[in-house]
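Some notes on the structure that comes next.
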Amino acid sequence: MANLQIRLNDELKSQADELFASLGFDTSTDIRIFLTAALEHNSLPFEVKHNSLSKEMQQAIYDSRNRMNLYGPYDNAEDAVNAMLED
């Protein structure tokens, strides 16, 4: 049988132990469950995606894709940076 050593901060370990105990497991068992599921799925056993974007970021992406509310062009990089620093 192999041993697995990982480094975690104390707070993460404590919170994980508490969660797993509330589910009736210990941390070692849950790590084995995770590894087994990863092998069965041949990938991570859950969806990996970016955090949700703020409404401001979603609007900025929409605007840039639709060429709306854009500023410039600028004559040089200094003018562009100064425009970004405004507000």
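Quick notes on this one:
- Which listed residue is exposed (fewer than 10 other Cβ atoms within 10 Å of the Cβ), over 28 Å from Ile6 (Cβ atoms) and not acidic (Asp, Glu), from Asn42, Asn66: Asn66
- Among the helices (runs of 4 or more DSSP H) confined to the chain, the ones with at least 2 residues that are in contact with a Ser or Thr (Cβ under 7 Å, 6 or more places away or on another chain) are located at 10-22.
Only the coordinates and a few stated rules stand behind these numbers; no lab work does. What you see is a predicted model; the values in this text were computed from it and never measured. Neighbour counts run over all protein chains shown; Cβ positions are idealised from the backbone, glycine included.
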